[in-house]
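Novice: Below is one structure. I have some questions about it.
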Amino acid sequence: MDDGNVEGYLLNWIVFLPTLGAVACLVAPGRRAVKTVAVATTFLTLLLSLGLFRHFAWWSIDDVAIFGEAYGKQLHQVTKVPWIVIGGLQIEYFIGVDGLSFPLVILTTLISFLAAVASWNIEEWKINRGARAYFVLFLLLETGMLGVFTALDFFLFYVFWEVMLLPMYFLIGVWGGPRKEYAAIKFFLYTLAGSVLMLVVLVAFYFKSDSVHAATLNLIEYATNGRIQAAFAEPARFLFDGWSWPVVMFVFLFIAFAIKVPVVPFHTWLPDAHVEAPTPISMILAGVLLKMGGYGLLRISYPILPTVAKDPTVAFVLATLGVISILYGALCAMAQRDFKKLVAYSSVSHMGYVLLGMAIMTNEGLQGAMFQMIAHGISSPMCFFLVGVIYDRAHTREIDRLGGLWLSMPVYGSLATLGFFASLGLPGLCGFIGEVWVLLGTYGAAGAYPWMTWARPMAVIAAFGVVLTAGYILWMMQRVYLGPQREEYRTLPEATGREISVLLPLGALAILLGILPDQSLFRFMNGTLGQLVSHIASASNDAVRQLGMIGQ
Amino acid sequence: MTMPRLLADFWVPSAADLHWFTPELAVLCTIVAVLLAAIAVGRNPHITAMLVLLGAGCAILFAQVAESRMTDGVAGPAPARAAPMLIADSFSAFFKTFLLVLLAAVTGLWLIGLRQRPPQAARLFAGNAPEFFTLLLGSALGMMLMVGTLNLLMIVLAIELASMPSYAIVGFNKSDRLGAEASLKYVVFGAITAACMLYGVSMLYGLYGTLDIPTIAHLAVRRAGESPGTAVLTSVGLVTFGAGIGFKIAAVPFHFWCPDVFEGAPVEITAWLSIASKAAGLGLALRVAGALTSAPSAGQVESLWGPMAIAVGAAAAVTCTVGNFAAYRPDNVKRILAYSSIAHAGYMLMAAAILPLTGPHGEATPSSSTFSALVAYLVMYLFMNVGAFGVTAIVSWQTGSASISAFDGLGRRAPWLAVPMAVCLFSLVGLPPLGGFIAKWWLLYALGRGAAAQSWLWALVIVLVLNTLFSLYYYLRIVRVMFVKTGPHEAERPPLAAPLGGLVLVNACAVMLLIGGTIGIGPVKSLADDAASRIFDSVAGPPIAARH
């Protein structure tokens, strides 16, 4: 394994094809050619990523062959070659997919393709210059996103994570709405704050692993190597006397990922960024970027520092933050007058379920959290696009000024209903499964971890989030889509073929995931998630005590 | 003293000794050639510039040849081989090459400025080319010597040789009031810190009877327990001596000259000072710190030099934080970049806080990763700063102002200037996949490695990454003005005509940063490791009789 291991180049093509597309966009002649190249590139990447399905052939229920016997044992499409070998340091170019990353890779390529189609009308935007630069940055962003989900070397992960920041800053800052500069720099500063803490953890992990083992940056190695795990769990002193090394690392990583998720105290960048970004960028922000926080927690925090995750105080704090996100996000959404901001806050609320599901560390919890990530990744871009369609026509996002749109645009109205009900969590649509799994898992968490006595009350409180969600979405729909037709919207054009072609796949997926959750999604993830749960559960139980920083 | 007696005692370096110092001699000859050419063929700026470039090229060649023949750190001319006044090793060879490459870049910028400057200033610069380059070469010579010595007197000499021409060249444009003010401030500060430095040197000499730093380290360790007064006096001596080094790198609290001098100086000189004086000062600081702490009796190392490391670390942390926060206010890009260079000096100074230590497996590890971290950082820093100052130079010459508003809408007016500027600025922040991130990474690597034995270094790690965050804002201000800001005045701004040479220079810097951050990570690090591989080791063994 040290000389390099390349199982075919498909994944490399998936990750870097958008970069090649960006270069092609730089030299393409004319605006139309640029747009065509961009859409073609994203479509091609989507097709290539569908090629990953054959590894996860769910019709053969041989879980072990697909997911391996334990976490990290079976990765697919691995490319593991030494990248920088200098002195004692070896950084590998290590990418691969397993049950955790595979659904997210598909989601990324799909949403990127749909967002590229949604960007086709860039000429009609308020700021319509620089289409070439827009699509170049867009495609570079896609490479960054795909790289984050497939990288398994911490340094590589960090590089891809940061690579996303620059294009996003420009995409929001140049082509966004009225307060775009403020939103862009807020996004950049906030996310960078989290990233730099992750950098500290990166260095710390490397040198800690150096002390017991050959120093490595391999994320799988960190999670599966017994000696490294023992060294990481040891509550050594970090800098100050009361600070325990594993807890500090977990907290730093949590802050970094919580900013992305986003978890309630760290969520304030989201409404600004989502609202001011142009519609396709909002789709990508909500659909993919938010999932990176959850993915980071599941890939890095939980497998590598399971003893800290199982600390009762830590689990309680995380679960509480999840519940607060659910309720606070929903309440904020209810108070919004701006349509897009309402959808943005609904994202905060939905992602609260993800954190809650992870905090309880049971099978249902993790499965629910992952499902909710994918489901939200389908419903949220759909909702943002729906808002964008209205904004393109009515040039307003004020809910008070909208009304009776279903009468003006029947086809659009039907698709809008589908999208918003998916966001609401109507049974039969994708949003329901994730929420129910998380809530049921939280309700029964005390079965797996008896010290989680707070789990049952928390599940009941979180369930109110469902009511609140129904509240704001139904109320919004009544005000925007139902009601008498307004004079000024009588002549609004119906949704065009392009817009329907963006909404239909998302709607179809929402239905598919709602009706056949197992065949369409759970099958592809449950193997890895189950291994993760047992990995966390089996983390040295005698080391699970009140660790230094919290609780003493 | 009779003549024969004098001649008998007179020591002359041999040819073999001088072989190692041909780069310095080449620079000396270039100065002479520049001055003579002015008399011989008349004052022609282009001839002068060509001579300078030729001389720099020869010196680089000599440095590379000398380095390839080096097997060990080589002691230079000195009557007592064990207490040399000059040192040539791979570390100093790197710095010589570095400074000369920078000199060539500054000369290139100056040549561009000949045509781009406002006519009055251009005439002044063109007409006084020999003087300009004499001062510049003198400063370069001083800096080359700074990194090649461990002798207290030689350090003072080199710092003064580097500083004095700088005082004059900062105020070169005599009709510019701001430049004259900058020059005066520089002189006053430099004089005060030179006095401090000499005070420290005299104190150390008085205590230990020698000017050789490794010997002083040796004696300090041996006499550490003698009396509390010795330790106090040694610290006072070292701290005041450090004032001189701190002045060159503009570390807090010796940084107050930096923004005003950078703002008032001609922009090529700002570029020169921001890179060269930091590089030379930091190389010297690292060498001195390494020499002080590599004295044998490792058991006493931490107790004796531990406080010094913590003091240097604290100074570094304060420097970068102050530099970053102070950059929020100014509107003049040269001033912003001045504060940014203070911050970067702070980052690099953290390397000096990592002492040779006992490695995680029990054996003593050389601090070569620290030296190589500094070298790698400087390589990237060179490109970042040359690119940023290059664009600033062109914009300020074309628009007549160096304030942020001069960069308005540059993304549309001159994309081939704006994009490299953005690349350089983001590299200065330290974002992947650019070279600046790799520079910070190697620094973090060295700090993390040191932290395995001295866990307080984690505080420096956290300060470093937090400062990366703090610095984002002011670099982003410039990027925002170039690309993001939309305003009503946009339509009236005419496109900017940039000279071809300038475009080539800044775009080359941007490309080097992109390469350095991706595929060039390995080569840069091996270059740095190479430079740090053969460092002149301090003398081990019984103390040396004070003969110099």
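Novice: Given 10 °C and 1.306 mPa s, how large is the Stokes-Einstein diffusion coefficient of segment B:155-261 in µm²/s, with Rh as the Kirkwood radius over Cα pairs?
Specialist: 105 µm²/s
Novice: Just check segment B:95-205 against the gyration tensor rule for me: Cα atoms, a ≥ b ≥ c as the square roots of the eigenvalues, rounded for a/c under 1.5, and otherwise prolate or oblate depending on whether a/b exceeds b/c.
Specialist: oblate
Novice: Give the calculated FRET efficiency between residue A:337 and residue A:40 to the nearest 0.05, with a Förster radius of 51 Å applied to their Cβ-Cβ distance.
Specialist: According to the calculation, E is roughly 0.80.
Novice: Something else about it: What whole-number volume per residue, in cubic angstrom, does the convex hull of the C-alpha atoms of the protein assembly as shown give?
Specialist: Convex hull of Cα atoms, per residue: 171 Å³.
Novice: Taking residue B:174 as the anchor, which lysines have their alpha carbon closer than 17 Å to its alpha carbon, excluding any fewer than eight residues away along the same chain?
Specialist: Of all the lysines, those that pass the test against residue B:174 - Cα under 17 Å, at least 8 places apart if same chain - are B:185.
Novice: For the interface of chains B and A, what total accessible area is buried with a 1.4 Å probe, rounded to the nearest 100 Å²?
Specialist: About 3500 Å² of accessible surface is lost on pairing.
Novice: Using the Kirkwood formula on the Cα atoms of chain A, what hydrodynamic radius do you get, in angstrom to one decimal?
Specialist: Answer for chain A: a Kirkwood hydrodynamic radius of 23.5 Å.
Novice: Relative contact order, percent, of segment B:56-198 when contacts are C-alpha pairs under 8 Å separated by at least 6 residues?
Specialist: Relative contact order here is 19 percent.
Novice: Taking the convex hull of the alpha carbon atoms in segment B:415-460, what volume per residue do you get, in Å³?
Specialist: Hull volume normalised by residue count: 52 Å³.
Novice: Something else about it: Under a straight-distance cross-link criterion of Cα-Cα below 18 Å, which lysines are reachable from residue A:35, leaving out those fewer than 8 residues away in the same chain?
Specialist: A:126
Novice: Ok, one more. Assign one of three labels to segment A:179-263, namely rounded, prolate or oblate, based on the Cα gyration tensor with a ≥ b ≥ c the square roots of its eigenvalues; rounded applies when a/c is under 1.5, prolate when it is not and a/b is larger than b/c, and oblate otherwise.
Specialist: Cα axes put segment A:179-263 in the prolate bin.
Novice: What Kirkwood radius, in Å to one decimal, follows from the Cα pairs of segment A:132-177?
Specialist: 10.8 Å
Novice: So, one more: Can you return the aspartates and glutamates within cross-link range of residue B:485? Criterion is Cα-Cα under 19 Å, with same-chain partners fewer than 8 residues away left out.
Specialist: A:181, A:272, A:276, B:331, B:408
Novice: How much length is gained on full extension from residue A:401 to residue A:482, taking 0.36 nm per residue of separation minus their Cα-Cα distance?
Specialist: Extra length available between residue A:401 and residue A:482 comes to 27.9 nm.
Novice: To the nearest 10 square angstrom, what accessible area does residue A:234 show with a 1.4 Å probe?
Specialist: 110 Å²
Novice: Output the relative contact order of chain A, whole-number percent, from Cα pairs under 8 angstrom with separation of 6+ residues.
Specialist: Once normalised by length, the contact order is 16 percent.
Novice: Helix-only estimate, please: 222 nm mean residue ellipticity of chain B, summing -39500 (n - 2.57) across DSSP H runs of length 4 or more and dividing by its residues, to the nearest 500.
Specialist: That comes out to -23500 deg cm²/dmol.
Novice: Further, regarding this structure: Working from Cα positions, state the angle (0 to 90°, nearest 10) between the long axis of helix A:497-515 and the longest principal axis of chain A.
Specialist: 50 degrees
Novice: Once the dipole of chain A is set up with Lys and Arg at +1 and Asp and Glu at -1 on Cβ about the Cα centre, which of A:423, A:300, A:455 lies farthest towards its positive end?
Specialist: Comparing the listed Cα positions along the dipole, A:423 ranks first.
Novice: For segment A:408-552, give the magnitude of the charge dipole about the Cα centre (Cβ charges: +1 Lys/Arg, -1 Asp/Glu; no others), in debye to the nearest 20.
Specialist: 160 debye
Novice: Something else: Are there residues in segment A:170-190 whose accessible area shrinks by at least 20 Å² when all protein chains are included rather than the chain by itself, and which are they (probe 1.4 Å, ligands and nucleic acids not counted)?
Specialist: A:170, A:174, A:180, A:181, A:185, A:188, A:189
Novice: Would you mind working out the magnitude of the charge dipole of segment B:178-276 relative to its Cα centre, with +1 at each Lys and Arg C-beta and -1 at each Asp and Glu C-beta, to the nearest 20 Debye?
Specialist: The dipole of segment B:178-276 has a size of about 360 debye.
Novice: How long are the semi-axes of the ellipsoid equivalent to segment B:393-493, from square roots of 5 times the Cα gyration tensor eigenvalues, in whole Å, largest first?
Specialist: Each semi-axis is √(5λ); the values are 36, 12, 10 Å.
Novice: Of all the Cα-Cα pairs you can form in chain B, what percent are over 29 Å apart?
Specialist: It works out to 51 percent of all Cα pairs.
Novice: Under 5 Å between amide hydrogens, which residues at least 5 positions from residue A:153 or on another chain qualify, with H placed 1.01 Å from N in the peptide plane?
Specialist: For residue A:153, whose amide H was placed from the backbone, the distant partners under 5 Å are A:94, A:219.
Novice: How much length is gained if the chain between residue B:101 and residue B:43 is pulled fully straight, taking 0.36 nm per residue apart and subtracting their Cα-Cα distance, in nm to one decimal?
Specialist: 18.4 nm
Novice: What spacing in nm lies between the two simple spin-label points modelled at residue B:115 and residue B:230, each 7 Å away from Cα in the Cβ direction?
Specialist: It works out to 6.6 nm between the two label points.
Novice: Round to a whole angstrom and tell me the spacing of the C-alpha centers of segment A:247-284 and segment B:185-232.
Specialist: Each part's Cα centre sits 53 Å from the other's.
Novice: In segment A:249-269, whose amide N lies under 11 Å from the spot 7 Å out along Cα-to-Cβ of residue A:179? List them in ranges.
Specialist: A:269
Novice: Follow-up question, since we're still on this one. Averaging sequence separations of C-alpha pairs under 8 Å and six or more residues apart, then dividing by the length of segment A:435-516, give the relative contact order as a whole percent.
Specialist: 17 percent
Novice: On a 0 to 90 degree scale, rounded to 10, what angle separates helix A:131-150 from the longest Cα axis of chain A?
Specialist: Helix A:131-150 and the main axis of chain A meet at about 30 degrees.
Novice: On a 32 Å Cα-Cα criterion, which of the cross-link pairs A:180/B:440; B:334/B:440; A:208/B:96 come out too long?
Specialist: From A:180/B:440; B:334/B:440; A:208/B:96, over 32 Å: A:208/B:96.
Novice: Ok, one more. Can you give the extra length, in nm with one decimal, that the chain gains between residue A:32 and residue A:317 once fully stretched, where that is 0.36 nm per residue apart less the Cα-Cα distance?
Specialist: 97.5 nm
Novice: Taking the Cα centre as origin and putting +1 on Lys and Arg beta-carbons and -1 on Asp and Glu beta-carbons, what dipole magnitude results for the protein assembly as shown, to the nearest 20 debye?
Specialist: 2000 debye
Novice: Take residue A:391 and residue B:188, extend 7 Å from each Cα along the Cα→Cβ direction, and tell me the distance between the two endpoints in nm.
Specialist: 5.5 nm
Novice: Report the calculated FRET efficiency for residue B:202 and residue B:223 (r = Cβ-Cβ distance, R0 = 25 Å), to the nearest 0.05.
Specialist: Efficiency for this residue pair is about 0.85.
Novice: Residues of segment A:195-217 with backbone nitrogen within less than 19 Å of a virtual label 7 Å along the Cα-to-Cβ line of residue B:455, please, listed as ranges.
Specialist: A:200-213
The values are calculated or read from the model by the stated rules, or taken from the named source; none is laboratory data. All values reported here derive from a predicted model rather than from experimental measurement. Methodologically, a virtual Cβ is constructed for each residue, glycine included, from the backbone with ideal geometry; neighbour enumeration extends over all protein chains shown. Heavy atoms of the whole protein, side chains included, go into the accessibility calculation; ligands, DNA and RNA do not. Shrake-Rupley method; radii C 1.70, N 1.55, O 1.52, S 1.80 Å.
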